[in-house]
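Beneath this line is the structure, given in structure tokens, with notes to follow.
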Amino acid sequence: MEEGLTFALKDAQKDAQKDGPKDGPKDGLKPSREEILRQKNLQRFKAEALAESRRLRARSDYRPEFDRFLRLLEAGPLAFAERPGGRPVMALLCLQAPLELFHAHGFQPYRLFGGSLAAERLAAPYAPATACPMIKSALGSLALLKGDGPQLGLAGLIAPTTCDWIVKFPEPLRAMGLNVGPVMALDLPHGQTRDLGQKKWLKEVYGLNSFLAERSGAKIARQDLLRSINVYRAANRAFSRLIELKRQGRLAQIWFGVLAGSFFGEEAESWVKAIEELLPLLAEARISKAKAAVYLTGSPIFFPNFKVLRLIDEAGLTVVKDDLCSMERLLTGPVHYGDPSMAGLMEALAQRYQQGCQCPTCFDADRRVGNLAFGHKNNLFQGLIHHALKGCHPFSLESLTLERALTLKGLKFLRLETDHSPEDSGPLLTRLEAFRSGLAAFG
Ligand code: SF4
Ligand code: SF4
């Protein structure tokens, strides 16, 4: 078993049942059982993060410039608990919420999802064993912060209603006694092309604007929104350059995951500045030896759980393109507007986020099949790896649709179903190696 990940979810559940939901004495002298468990898992959370960072730093393509991004990932949710003087943090679950609006209102959006088993462990008594690991990790990461203030240092939580686990998220949150401040459900229509859905979504975006204004205590002006749109335009520009470098073989997927994953760990402006400094160095990086090129799709992958990315590498495959919402789909392009009035900007913002959504929670599977087949037709990649987290129903379901449609088009398809535990690493590697030998040599 891997270093830093020497505990499995089975143990987590056992521990949680033993120590979990019952509160011990709270006499101010002796910590409760709940607090002891939190402290224990906080140490595990830190150890897990450090173990993954150590593995990353030991790679031959590691460069010291990656360190600042790694440190942001290592801190995880603790980063915002320990940032006095920064923008107030508004927690976020899915990406389907216009980040520019958060910024214009003076908030730092922070996506709660993560890949920590230690965080999941804290949520175990409050979520079904079959729950999406992202949901458990989000709950657990908030529980890790429990000692840090009545509202965990958050200004609120935005939950776009993309999948059922997210819709139900506030329930275990309440059961765990976690106060994240006001919660807003952002109702994302699942049909993207319908006129009615688009109108409804625009109304939701206006609702988010009012919610954020209420939380910040002030309305925003057109210029504030325009400024934020420009900040995110710069972020999109820098991000597109990273994607280009990845396509050229100058940036490995695992490092791309580090850079993308650190985006919420700091303010957008400082992330853009750091990436812009890194870009010329990466542009000079040696192009890595050609391996079989694959497309990676499916459930998101977050630090410190890069198990699947490492195994793909070990199997002699290289990810040239992905559409994970934690990676290439993090920033899917700037907001384009023709009408610079406040109404025009709001409409452009709503449209950009609804049309840009490629989640399997949307109704239109044909659009995803079409996009994936297009890359294959253009010889970008030879095979497709579909990663479904156990408990992530939207991706598990779509994997069957995609497999049928794409294999008919001649694309090699590998479905991987896994979780955050390291125990299935051996069988996964064997399947990836077999997949690799089925692909023609690339290059
Ligand atoms: S794929 Fe979409 S719905 Fe699922 S976690 Fe990512 S952003 Fe949310
Ligand atoms: S889409 Fe999948 S990964 Fe995302 S929250 Fe829902 S179940 Fe979890």
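The slack in the chain from residue 218 to residue 59, taken as 0.36 nm per residue of separation less the alpha-carbon distance, amounts to 52.5 nm.
Shape call for the chain from the C-alpha gyration tensor, a ≥ b ≥ c root eigenvalues: rounded (a/c under 1.5), prolate (a/b greater than b/c) or oblate? Please list the in-between numbers first.
Values: a/c = 1.44, a/b = 1.08, b/c = 1.34.
Taking the square roots of the gyration eigenvalues as a ≥ b ≥ c, the chain is rounded.
For the cross-link pairs 146/390; 40/136; 136/200; 136/168; 289/412, the ones whose C-alpha atoms lie over 20 Å apart are 146/390; 136/200; 289/412. Annotation: the stretch 288-438 has a Kirkwood hydrodynamic radius of 16.6 angstrom, from the mean reciprocal C-alpha pair distance. Taking +1 at the Cβ of each Lys and Arg and -1 at the Cβ of each Asp and Glu, which of 96, 298, 106 sits farthest along the dipole of the chain towards its positive end, judged by Cα position relative to the Cα centre? Of the candidates, 298 comes out farthest on the positive side.
At an R0 of 25 angstrom, the distance between the Cβ atoms of residue 270 and residue 183 translates into a FRET efficiency of 0.35. When the charge dipole of the chain is built from unit charges on Cβ atoms (+1 for Lys and Arg, -1 for Asp and Glu) and taken about the Cα centre, the candidate among 245, 334, 180 whose Cα reaches farthest toward its positive end is 245. The residue among 418, 402, 391 whose Cα reaches farthest toward the positive pole of the charge dipole of the stretch 304-423, with charges on the beta-carbon of Lys, Arg, Asp and Glu, is 402.
Treating only the Cβ of Lys, Arg, Asp and Glu as charged (+1, +1, -1, -1), what charge dipole size does the chain show about its Cα centre? Round to the nearest 20 debye.
Working: 59 positive and 49 negative charges, 88 e Å.
Dipole about the Cα centre, nearest 20: 420 debye.
For the peptides 243-250, 40-47, 321-328, residues were scored by their other Cβ atoms within 10 Å and the scores averaged per peptide; the highest-first order is 321-328, 40-47, 243-250.
The packing ranking of peptides 120-132, 399-411, highest mean first, is 120-132, 399-411, where packing means the average number of other beta carbon atoms within 10 angstrom of each residue. The label-point distance for residue 380 and residue 35, in a model that sets each label 7 Å from Cα toward Cβ, rounds to 5.2 nm. Rg over Rh for the stretch 371-430 works out to 1.02, using Cα positions for both radii and the Kirkwood form for Rh.
A crude spin-label estimate for the pair residue 277 and residue 247, with each label 7 Å from Cα along the Cβ direction, gives 2.8 nm. Annotation for residue 168 and residue 343: the two label points, set 7 Å from Cα along the Cα-Cβ direction, are 4.2 nm apart.
Bear in mind these aren't lab numbers, they're just calculated from the coordinates by the rules spelled out. Since the model is a prediction, treat every value here as computed from it, not as a measurement. Reconstructed Cβ throughout: ideal geometry from the backbone, glycine too, with neighbour counts over all protein chains shown.
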